[in-house]
Amino acid sequence: MNQKTAVYTAITDVLADHGIDFTDGMNIKDLMTKERRAIVNAVLIKGFTDGTIELDREYSDSELKTYVSGLQSNWIKKDKRFNGGVKHVAANPGSRAGASDQSLVNAKRLLAELQNDPKSSADDVSMVEEFIAERTAAIAAEKAKTVSVDFSKLPEALRKFAKA
């Protein structure tokens, strides 16, 4: 079973077990108490450990517990059957930019350390901030997509933008 289906099934089963008449499109955020979330997590963890729910890699017990909690939160926010039928909008878009770049991750940590150290100079903080800005821009440039335009599909008036 895929993870989305497993989360949907686990949540709807737990709600039904607690006498809640669920219909797709309801906003269940307030219905998911700490107790109900814990039950759903237990069901999902059992499914992962039994191999009945797809999982792309191995997790330790503590990693799996954290993963499952985030997985449930993710689908409660994003699945229109659970969130009142609205399209999910990220609260902080782009906040994970550069999260896989270790030099950027560590530079951000260093910046936080310097900002909290009264002995740090403004020049030191500026130097790290400058590196972060440059590295972030470099990462964005690396990820920039090359767009291919088929000018033959455009009206004649727009074909003037074709590069010869």
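Quick look at the numbers
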| item | result |
| --- | --- |
| Hits in segment 26-64 (condition: charged (D, E, K, R), assigned to a helix (DSSP H, G or I) and loosely packed, with under 14 Cβ neighbours inside 10 Å) | Lys29, Asp30, Lys34, Glu35, Lys46, Asp50, Asp61, Glu63 |
| Single match in Leu55, Leu44 (criterion: of a type in the set (A, V, I, L, M, F, W, C), modelled with pLDDT under 95 and on the phi < 0 side of the Ramachandran plot) | Leu55 |
| Residue within segment 50-70 that is closer than 30 Å to Ala141 by Cβ, among the polar types (S, T, N, Q) and within 14 Å of the chain's Cα centre (by Cα) present | no |
| Selection status of Val128, assigned to a helix (DSSP H, G or I) and not small (Gly, Ala, Ser) | yes |
| Residue selected from segment 106-150 under the condition at pLDDT below 90 and surrounded by 11 or more Cβ atoms within 10 Å (Cβ to Cβ), by the criterion nearest to Phe161 (Cα to Cα) | Val149 |
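The values are calculated or read from the model by the stated rules, or taken from the named source; none is laboratory data. Small disclaimer: the values here were computed from a predicted structure and weren't measured. A quick note on method: Cβ atoms are made from the backbone with ideal geometry, for glycine too, and the neighbour counts reach across all protein chains shown.
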